[in-house]
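The values are calculated or read from the model by the stated rules, or taken from the named source; none is laboratory data. Keep in mind that what you see is a predicted model, and the values were worked out from it rather than measured. For neighbour counting, all protein chains shown are included, and Cβ atoms are generated from backbone atoms with ideal geometry for every residue, glycine included. The accessibility values were calculated without ligands, DNA or RNA, using every heavy atom of the protein model including side chains. Shrake-Rupley method; radii C 1.70, N 1.55, O 1.52, S 1.80 Å.
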Amino acid sequence: MGDKVVLGYWAIRGLAQPLRFYLEYLGLPYEEKRYYKPEEWFADVTSAPLNQHVLVNLPYIKDGDELVFESQALYIYLAYRANKPELLGQNPKEQVTLASIRGVLQDLFKSLIALFTIPEDKYEAKKDDFFNQEVLWIAEKLSKFLENQKWAVGDNLTYIDFQLFEAEEILRNYKPDVFTSLVGLKKHNENFASLPAIGKYQSSDKMIARPFYPPGMYRWG
């Protein structure tokens, strides 16, 4: 293990933003390797030590000689690294709930990406219908689930709450009026933003406010 873990990802929010929140909450010393251009990533991925790993991908964690790839694996690794395995679910019931919420979140993120990658010449004409038909029902389902509890599994904060918060931030910025009506998501968003470590990070110069997605490739972000 190293003195600091390194989080490698593009210089956008994307898949790494919930991990940035997670690292701040965990209190682990870390630094970022932000890739601003594809050629920067290609230079690294074709060189040691990254080119020695079959599963190499972004985001990644480098911890001394240890390299971990794939987003979901990073949450597990970091929870144990910080001696906070309770963030992975404290019992089988919580772990099953986490898996269920993760599946719904994956559907939501896929629908949002499909929305934001509608061809440019069709985006304005199609965006509202697509949002209402393909995105909103998933957000409403999550919101209903969260209405009567503080966190995704109830009273205990877990890693999935970090991913939920990023989904909420996308919805809050893209459709603020709609987001206000999603009572459960809005309440969860406010609870999460009030965590001291998260509030401190969001007011710091380390925070990436925008873009959520790669500029030019997406219609919004």
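Observations on the model:
- Candidates are the residues of the range 156-181 that are in a loop (DSSP other than H, G, I, E, B) and under 25 Å from Gln72 (Cβ atoms); the one that is farthest from the chain's Cα centre (by Cα) is Asn156.
- Look at the range 126-143: where a residue is over 17 Å from Leu185 (Cα atoms) and open to solvent by 50 Å² or more (accessible area, probe 1.4 Å) and a partner is assigned to a helix (DSSP H, G or I) and aliphatic (A, V, I, L, M), sitting 6+ places away or on another chain with Cβ atoms under 6 Å, you get Phe130/Leu115.
- Test for Thr158: is it touching a strand residue (DSSP E or B) at 6+ places or on another chain (Cβ under 7 Å) and surrounded by fewer than 19 Cβ atoms within 10 Å (Cβ to Cβ): no
- Within the range 115-135, being farther than 13 Å from Met217 by Cα and either in contact with a Ser or Thr (Cβ under 7 Å, 6 or more places away or on another chain) or of a type in the set (D, E, K, R) (or both) holds for Asp121, Lys122, Glu124, Lys126, Lys127, Asp128, Asp129, Glu134, Val135.
- Pairs where the first residue, in the range 99-115, is within 14 Å of Leu171 (Cβ to Cβ) and the second is aromatic (Phe, Trp, Tyr) and in a helix (DSSP H, G or I), C-beta under 7 Å, 6+ apart: Leu115/Phe130; Leu115/Phe131
- Among the residues of the range 187-205, the one identified as in contact (Cβ under 8 Å) with a residue 40 or more places away in the chain and open to solvent by 80 Å² or more (accessible area, probe 1.4 Å) is Lys200.
- Residues of the range 32-64 that are farther than 14 Å from Leu15 by Cβ, in contact (Cβ under 8 Å) with a residue 40 or more places away in the chain and either open to solvent by less than 60 Å² (accessible area, probe 1.4 Å) or part of a loop (DSSP other than H, G, I, E, B) (or both): Asp63, Gly64.
- Number of positions in the range 12-42 that are of a type in the set (Gly, Ala, Ser) and farther than 22 Å from Tyr213 by Cβ: 1
- Candidate set from the range 116-125 (those that are in a helix (DSSP H, G or I) and touching a residue at least 40 places away in the same chain (Cβ under 8 Å)); member that is surrounded by the fewest Cβ atoms within 10 Å (Cβ to Cβ): Glu120
- Against the list (1) open to solvent by 30 Å² or more (accessible area, probe 1.4 Å); (2) touching a residue at least 60 places away in the same chain (Cβ under 8 Å); (3) within 22 Å of Leu23 (Cβ to Cβ), the condition Lys84 fails is (2).
- Within the set Gln90, Gln106, the sole residue that is more than 24 Å from Ile138 (Cβ to Cβ), open to solvent by 70 Å² or more (accessible area, probe 1.4 Å) and at pLDDT 95 or above turns out to be Gln90.
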